[in-house]
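Notes follow once the structure below has been shown.
The values are calculated or read from the model by the stated rules, or taken from the named source; none is laboratory data. Because the structure is predicted, anything quoted here is derived from the model rather than measured. Cβ atoms come from the backbone with ideal geometry, glycine included; neighbour counts cover every protein chain shown. These accessible areas exclude ligands, DNA and RNA; they are computed on the full protein's heavy atoms, side chains included. Shrake-Rupley method; radii C 1.70, N 1.55, O 1.52, S 1.80 Å.
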Amino acid sequence: MREYVSRGADSTRWSRFDLRPDDVIISTPSKCGTTWMQSLVGMLLLDRIDLGAPITAISPWLDARLVAEEDVVALLDAQDHRRFIKTHTPVDGFPRPPGVTTITVVRHPLDVALSDRDHDHNSDRAQARRLLAAARPDSTGSTVDSSARGDEPPTGDAEYLRWWIAREQAHLGTGPHGLLDLCPQARLSWEARDAPGKALFHYGDLWSDLEAEVRVLADVLGVSPSARRIAEIVEAGTLDSMRARAADTAPFAELGVWKDTSAFFRVGGTRPWAQMLPPADLDHFHVRLADLAGDAADWILEGRAALDRAV
């Protein structure tokens with residue numbers, strides 16, 4: 001397995017963790033609907049709308065260094081239901097033994113870029129430093145975001161998007177914080193799409209037809225919810241519903257890492273990047289995307305339509 005290690009995440013935890021044959025691993029780039037997918041998976045697997053705990057407490061991010069490794073492992077070992085585990089580590093960074101289901105969600109990269117900016121502005125960096133230091137006594141105290149970013153992004157919309165498209169930031173297990181950060185992770189999942197237990201989803205499909213995607217997800221998980229339960233899951237999975245329950249649905253909300261917990265679910269959908277960048281910059285984006293993502297580029301942009309063509 002490849003190792004993805006930074007101050008914010010440590011994929012080597014997977015080598016010390018005992019997977020069960022029916023585990024579900026949700027391996028996504030950040031800001032692509034990870035929390036959304038965790039909630040949908042949880043409602044389907046547990047057959048209830050109220051998961052009974054904050055999302056991080058029932059579906060922890062295994063490799064996040066904000067929480068001590070032994071605490072995360074103890075939480076997962078104590079669970080007697082079918083476990084669903086979050087990671088931003090690409091699929092080449094954790095084991096996938098027979099029976100384990102791996103789900104990846106991607107999103108249009110420019111929507112990811114703008115969502116990532118919102119995420120950074122809403123992060124309580126001082127609290128993140130405290131948590132990181134408490135979980136890792138040898139920590140330097142840097143926050144998850146700053147350890148991944150390195151340089152500070154420009155403030156203007158167009159300048160920020162150009163910076164995000166062009167920057168040379170390799171994946172460190174917490175991003176993406178740039179196009180180069182996102183594309184290899186998506187490409188690895190695309191190349192593994194026919195592997196047993198591997199399933200691909202797209203944020204845009206979830207946004208445009210959540211009911212249809214919930215039905216696909218149920219098939220992937222091997223569960224058969226009633227029509228009434230599916231309707232309840234779709235209602236609970238809307239942006240307004242997730243925002244209203246942000247204390248339980250936002251990741252690490254119980255640890256106080258957000259300035260405004262409900263703002264974690266700020267906008268959703270498609271962002272106005274097409275009005276922020278002139279045509280020449282959008283053309284450059286598509287050229288760079290094709291170069292970095294290869295055959296996965298269409299899936300990154302189009303979602304299920306590209307998957308259907310690839311069958």
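For the range 233-263, a residue qualifies if it is under 22 Å from LEU45 (Cβ atoms) and part of a loop (DSSP other than H, G, I, E, B), and the qualifying residues are GLY237, THR238, ARG245, ALA250, PRO251, PHE252.
Selection of the range 258-284 for residues being of a type in the set (A, V, I, L, M, F, W, C) and either touching a Lys or Arg at 6+ places or on another chain (Cβ under 9 Å) or at positive phi (or both) yields ALA263, PHE264, PHE265, LEU277.
Any residue at all in the range 203-217 that's under 16 Å from SER39 (Cβ atoms), charged (D, E, K, R) and in a loop (DSSP other than H, G, I, E, B)? Scanning the range 203-217 turns up no residue that is under 16 Å from SER39 (Cβ atoms), charged (D, E, K, R) and in a loop (DSSP other than H, G, I, E, B).
Within the range 153-163, can one find any residue that is farther than 16 Å from SER115 by Cβ, of a type in the set (Ser, Thr, Tyr) and at pLDDT 95 or above?
No; the residues of the range 153-163 include none that is farther than 16 Å from SER115 by Cβ, of a type in the set (Ser, Thr, Tyr) and at pLDDT 95 or above.
Scan the range 95-108 and give yes if some residue there is open to solvent by less than 20 Å² (accessible area, probe 1.4 Å), modelled with pLDDT of 95 or more, closer than 19 Å to ALA186 by Cβ and over 13 Å from the mean Cα position of the chain (by Cα), otherwise no. Within the range 95-108 (the criterion being open to solvent by less than 20 Å² (accessible area, probe 1.4 Å), modelled with pLDDT of 95 or more, closer than 19 Å to ALA186 by Cβ and over 13 Å from the mean Cα position of the chain (by Cα)), the answer is yes, since at least one residue qualifies.
With respect to the conditions (1) under 29 Å from ASP63 (Cα atoms); (2) open to solvent by 50 Å² or more (accessible area, probe 1.4 Å); (3) outside any helix (DSSP H, G or I), SER224 falls short on a single one, namely (1). Across the range 59-91, the number of residues qualifying as in a loop (DSSP other than H, G, I, E, B), without any contact (Cβ under 8 Å) to a residue 40 or more places away in the chain and open to solvent by 40 Å² or more (accessible area, probe 1.4 Å) comes to 2. ALA246: open to solvent by 30 Å² or more (accessible area, probe 1.4 Å), within 23 Å of the chain's Cα centre (by Cα) and more than 17 Å from SER30 (Cβ to Cβ), yes or no? No. Taken as a whole, the structure places ALA306 among residues that are over 22 Å from LEU40 (Cα atoms) and either among the hydroxyl-bearing types (Ser, Thr, Tyr) or without any contact (Cβ under 8 Å) to a residue 12 or more places away in the chain (or both). For the range 166-198, give me the residue count where each residue is more than 14 Å from the chain's Cα centre (by Cα) and open to solvent by 10 Å² or more (accessible area, probe 1.4 Å). Summing the residues that are more than 14 Å from the chain's Cα centre (by Cα) and open to solvent by 10 Å² or more (accessible area, probe 1.4 Å) in the range 166-198 gives 18.
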